[in-house]
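Encoded as structure tokens, the structure appears first; notes follow it.
The values are calculated or read from the model by the stated rules, or taken from the named source; none is laboratory data. Everything quoted here is computed from the prediction, not taken from an experiment. FYI the Cβ positions are ideal-geometry reconstructions off the backbone, even for glycines, and counts take in every protein chain you see.
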């Protein structure tokens, strides 16, 4: 405890106060810890950006990077699938496929063969990574609702994995799925 002695003047009584320093120090330590943690969060929320400031004209024309095509498979409706090829945010092509399931034999297990055939056909036309030496896979984004049954999601992923291509691994050529699948759920 720290004390402050103001002393008494004349017939006034002395005003001595004790200040509790331990709780004050605890409060300051908690405050410092809070500020350190929030400083890290504010750093994570920043977006790195650079300004393209006009400068002297250059003799080289600006080069634009070609964006890769991605296949977006939308399974939000009850009646159809929608296959959408996009380059960045630009829609290149849209195809509707009737949503018709076929039992695969096991109880509760089914497939979408029409979807698999159409995806294979579309990859043959629009797929970009075909060479066996090309280490990248084409991207497929599966759009689905949160309420979609897991068995439906698996059946669509199996359909997306239907087209296969040659892939060199350590000097050997093997068949691998042409697409790498990612999810976009609402």
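If residue 129 meets every condition in (1) buried (at least 17 other Cβ atoms within 10 Å of the Cβ); (2) not in a loop (DSSP other than H, G, I, E, B) apart from one, which number is that one?
The failed condition is (2).
Looking at this structure, is residue 135 within 23 Å of the chain's Cα centre (by Cα), farther than 20 Å from residue 79 by Cα and surrounded by fewer than 17 Cβ atoms within 10 Å (Cβ to Cβ)?
When the stated conditions are applied, residue 135 passes them.
Does region 162-172 hold any residues that are surrounded by 11 or more Cβ atoms within 10 Å (Cβ to Cβ) and over 9 Å from residue 120 (Cα atoms), and which are they?
If the condition is that a residue be surrounded by 11 or more Cβ atoms within 10 Å (Cβ to Cβ) and over 9 Å from residue 120 (Cα atoms), then 165, 166, 167, 168 are the ones that fit.
Restricting attention to region 143-158, does a residue exist that is in contact with a strand residue (DSSP E or B) (Cβ under 9 Å, 6 or more places away or on another chain), surrounded by fewer than 11 Cβ atoms within 10 Å (Cβ to Cβ) and without any contact (Cβ under 8 Å) to a residue 24 or more places away in the chain?
No, there is no match, as no residue in region 143-158 is in contact with a strand residue (DSSP E or B) (Cβ under 9 Å, 6 or more places away or on another chain), surrounded by fewer than 11 Cβ atoms within 10 Å (Cβ to Cβ) and without any contact (Cβ under 8 Å) to a residue 24 or more places away in the chain.
Considering only region 97-126, how many residues are exposed (fewer than 14 other Cβ atoms within 10 Å of the Cβ), at pLDDT 85 or above and assigned to a strand (DSSP E or B)?
The total comes to 1.
Please go through region 162-186 and pick out each residue that is within 20 Å of the chain's Cα centre (by Cα) and under 12 Å from residue 111 (Cα atoms).
None - no residue of region 162-186 is within 20 Å of the chain's Cα centre (by Cα) and under 12 Å from residue 111 (Cα atoms), so the list stays empty.
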